[in-house]
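Data block below; observations after.
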Amino acid sequence: MATGVVDVYESEDLKDNQIVLVACGAGLSGELRTIPNGAGLTLKKAAIESKIVVRHESGSECPFSYMEIGPALAKTFGLKNGQRVSLDFSPGTGALLLYPQTVSSSSGLLLAELRKGREGAIVIGYALLSWLGIPEKAAGTAITLTRGAASKKLRLIIPANELDETFRLTPATMRSFGLAPRRKWRLSYNRTTRTLQLSAAAALPKRVKKVKKI
């Protein structure tokens, strides 16, 4: 069984029986790359199934791998544009099992947001945003940041830099959550509740000071 996670995007150019797996960044997650290019499979979601042909493509500037699917097939399987799903490929049966994924996790470097007018906001870099499965259309809306018993709704801001892997909070917000900047933190985002849960990750290695020889 080969398992991986992808985002779903509709494409008007695809036939009803086609899907395209596009490898981005480090490539397809899990071992979905083992699916033969041009293979005829059965796509399944619970009791829904359909015969499909799978193609592989490579993406040049996308941070997270995705699956292109035609509008008719997306409607049949109840898939929404930008939705994140888990795929399980069984070579023995030729089945590609699809499961909607609610929670995605990643790590990000926390930096201090010192610009004015950013109180009550969280700034999440585009690359980190993609890894967490937060849709780009969520910009300007509220998500709930939690850590232990602490919880606060914050307005989401997405910077223009598509390679940004950091997230930023104002010093006041960091103090209210007991956070320290310049550390990597583990983040988990729940799409259903729009909640971003934060827990400590490994601290960045300290720089070793050079000692002058006398």
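If you filter region 40-73 for GluC sites (Glu not before Pro), then keep DSSP loop positions with at most 13 other Cβ within 10 Å, what is left?
61
Excluding ligands, DNA and RNA, the accessible surface per residue across region 92-141 is 44 Å² with a 1.4 Å probe. With all protein chains in place and a 1.4 Å probe, the accessible surface of the chain carries 52 percent carbon and sulfur.
Looking at region 121-188, which GluC sites (Glu not before Pro) are in a loop (DSSP not H, G, I, E or B) and have at most 15 other Cβ atoms within 10 Å? The partial results should precede the final answer.
On the way: sites: 136, 162, 165; in loops: 162, 165.
Those that pass, being in a loop and sparsely packed, are 162.
For the chain, what proportion of DSSP beta bridges, expressed in % and rounded to the nearest 5, is antiparallel? Bridges in the chain are about 65 percent antiparallel.
Distance check, please: which entries in 44/184; 51/75; 51/137; 116/184; 116/153; 80/152 exceed 26 angstrom between their Cα atoms?
Values: 44/184 38 Å; 51/75 15 Å; 51/137 32 Å; 116/184 24 Å; 116/153 18 Å; 80/152 28 Å.
Violating the 26 Å limit, Cα to Cα: 44/184; 51/137; 80/152.
For a test of the definition: using alpha carbon positions, the gyration tensor, and the 1.5 limit on a/c, classify region 44-109 as rounded, prolate or oblate. The shape class here is prolate.
With contacts taken as Cα pairs under 8 Å and at least 6 residues apart, region 95-158 reaches a relative contact order of 33 percent. Summary value for region 13-116: 31 percent relative contact order, contacts being C-alpha pairs under 8 angstrom separated by 6+ residues.
Hand me the trypsin sites (Lys or Arg not before Pro) from region 101-142 located in a DSSP loop with no more than 15 other Cβ atoms within 10 Å, in residue order please.
In loop regions of region 101-142 (DSSP not H, G, I, E or B), the sparsely surrounded trypsin sites (Lys or Arg not before Pro) are 115, 116.
Secondary structure note: in region 72-193, about 75% of the DSSP beta bridges are antiparallel. Each Cα pair under 8 Å and six or more residues apart adds its separation to the average, and for the chain the resulting relative contact order is 20 percent. Take the alpha carbon gyration tensor of the chain, find the square roots of its eigenvalues, order them as a ≥ b ≥ c, and report rounded if a/c is under 1.5; if not, report prolate when a/b exceeds b/c, else oblate. Since a/c reaches 1.5 and a/b is larger than b/c, the shape of the chain is classed as prolate. For a quick check, take a GNM of the chain with Cα springs below 10 Å and name the residue from 161, 17, 81 with the largest mean-square fluctuation. Among 161, 17, 81, the largest mean-square fluctuation in the Gaussian network model of the chain belongs to 161.
The values are calculated or read from the model by the stated rules, or taken from the named source; none is laboratory data. From a predicted model like this one, the values you see are computed outputs, not experimental measurements. Every residue, glycine among them, receives a Cβ derived from its backbone with ideal geometry; neighbour counts consider all protein chains shown. For accessibility, only protein heavy atoms count, side chains too; no ligands or nucleic acids. Shrake-Rupley method; radii C 1.70, N 1.55, O 1.52, S 1.80 Å.
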